[in-house]
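> Just passing along the structure, written as structure tokens.
The values are calculated or read from the model by the stated rules, or taken from the named source; none is laboratory data. If you're wondering where the values come from, they're calculated on a predicted model, not measured in any experiment. Note: ideal-geometry Cβ built from the backbone for every residue, glycine included; neighbour counts use all protein chains shown.
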Amino acid sequence: MRHRPSSSPGSQEPLFGLDAMAAAPGDAPPPSAPGFRDSAQARRLLAIREIHAEPAAAASPRGRQILARFPDATLIEVDSHWRIPELHGNEGSADRWMRIKRETLVLGVKKTLTTRPNGRSADWIAPGPSNGCALSCVYCYVPRRKGFANPITLFTNIDGIIAHLGRHVAAQGPKTEPNQCDPAAWVYDIGENGDCSVDALVCDNTADLVRAFRDWPTAKASFATKFVNPDLLELDPRRRTRIRFSLMPADDSRLLDLRTSPVDRRIAAAADFLDAGYEVHFNLSPVVLRPGWQDAWAELLRHLDDVLPPRVKQQARCEVIMLTHNADLHEVNLRWHPRGEDALWRPAAQETKRSQNGALNLRYRAGIKRRALAELRELVARHTPWLDIRYAF
Ligand code: SF4
């Protein structure tokens, strides 16, 4: 493994010999058994050539596991996973968007462990095991926080994250009132800022969380995904993890969900995941309004009804989330995927809203959104009457 010290202004010699540490045979915990993550298909999605790592993250057991998986990658020491000038805030990186997502990893230590209340999709938003993603959904809000191409940052202090969650779960006690998140369990979203199925191509953070939740009878993990990772079928979640496959019409997905598993593959995987012990829900999201959207969604829903077996339908619920876009993201997307913006950027149908962090977000105008949601509810009632909508937003 080649090693480059931090390129931050004012940085000194590397804090320790990362080369020696990464190369020490038998020093790192053994990587888990080969699986899909070692397949040619997985390596096409993630061919890591560059790892930016905080020293403490690289030195941790999880960090060493990850470094051992990519012995040919160049290791670059960084002071903070939040401040990597060549990745974040670098307008030039828009032109290398896909390559950065495929070839770059960041390792960091999550300093602040906070569980936030939610109440819509989940009761709680857990401190996630990652931030950033190797997939390239054009509308993704995750790059908004770090800026530009935002490859996977994995947090290596997964034991600390799980210990924090264990304390939080214990403090809640049993859930006494059913709500839209779940009738009986406190639901924790563990994938707010990434895709846990993709993270599992790199390390065991997702596996560790799934295994932790199966021992907490009052709680349930939940994450949305656009990627089918068969390795997750081996984790024995015992119904304490809800996987939510995100769906949109195939034509929209081909234009907007770049690098993801095809939508029909996600649907076809639902029964496998149910049989492996997951609860399987669906996210109808984002709903992108364009000429003919109603017909496209009706076709998708009819396909769901045709192919899903009764046991999947019996337990399935869904969320509906209308597109939210963002002015800065629009400008960036124009540089690497302008065709996607033809569908996403429709100012005549959208209104702006300044978010708490000052970003200018765009949503469909209130009347347009209200009518579209009513139409989608009708389509669900007609074509997939077994599919309860947990919430629509
Ligand atoms: S899968 Fe999720 S986190 Fe990854 S790019 Fe798509 S929307 Fe973003």
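> Yes or no: R242 in a loop (DSSP other than H, G, I, E, B), of a type in the set (K, R) and closer than 18 Å to Y188 by Cα?
For R242, the condition - in a loop (DSSP other than H, G, I, E, B), of a type in the set (K, R) and closer than 18 Å to Y188 by Cα - is not met.
> Given the conditions (1) of a type in the set (A, V, I, L, M, F, W, C); (2) away from the ligand (no atom under 16 Å from the Cβ); (3) farther than 23 Å from D388 by Cβ, report the number of the one that A270 does not fulfil.
Result: A270 passes all but (3).
> I've got another one for you. Which one is nearest to G340 (Cα to Cα) among residues in the range 112-163 that are among the charged types (D, E, K, R) and at pLDDT below 95?
R144
> Hey, could you check the range 98-111 for residues that are in contact (Cβ under 8 Å) with a residue 60 or more places away in the chain and buried (at least 22 other Cβ atoms within 10 Å of the Cβ) and say which is nearest to V332 (Cα to Cα)?
Selected residue: K101.
> Could you tell me which numbered condition S39 fails, if it satisfies all but one of (1) within 16 Å of H3 (Cβ to Cβ); (2) free of Cβ contacts under 8 Å to residues at least 60 places away in the same chain?
(1)
> Which of (1) away from the ligand (no atom under 16 Å from the Cβ); (2) polar (S, T, N, Q); (3) in contact (Cβ under 8 Å) with a residue 40 or more places away in the chain does T114 not meet, given it meets every other one?
Exception for T114: condition (3).
> Would you please name the residue that is surrounded by the most Cβ atoms within 10 Å (Cβ to Cβ), looking only at residues in the range 229-250 that are away from the ligand (no atom under 12 Å from the Cβ), hydrophobic (A, V, I, L, M, F, W, C) and farther than 23 Å from G119 by Cα?
Across the range 229-250, the extreme among qualifying residues is L232.
> Can you give me the ranges of the strands (runs of 3 or more DSSP E) entirely in the range 311-393 with at least 1 residues that are over 21 Å from the mean Cα position of the chain (by Cα), modelled with pLDDT under 95 and over 30 Å from A268 (Cα atoms)? Reasoning before the result, please.
Numbers: elements: 317-322, 324-326, 350-354, 360-364, 388-392.
Answer list for the range 311-393: 350-354, 360-364.
> Oh, and also: Would you say I100 is part of a helix (DSSP H, G or I), of a type in the set (V, I, T) and away from the ligand (no atom under 16 Å from the Cβ)?
Here the answer is no, as I100 does not meet what is asked.
> Tell me, which residue of the range 251-263 that is in contact (Cβ under 8 Å) with a residue 40 or more places away in the chain and either away from the ligand (no atom under 13 Å from the Cβ) or not in a loop (DSSP other than H, G, I, E, B) (or both) is surrounded by the fewest Cβ atoms within 10 Å (Cβ to Cβ)?
Per the criteria, the residue is D251.
> Right, another one. For the range 346-369: of the residues being among the polar types (S, T, N, Q) and closer than 20 Å to R290 by Cβ, which is surrounded by the most Cβ atoms within 10 Å (Cβ to Cβ)? Quick ask: steps written out before the conclusion?
Step one: of the range 346-369, the residues among the polar types (S, T, N, Q) are 350, 352, 355-357, 361.
Adding the requirement that they be closer than 20 Å to R290 by Cβ leaves 350, 352, 361.
Values: Q350: 20, T352: 12, N361: 18.
Here the answer is Q350.
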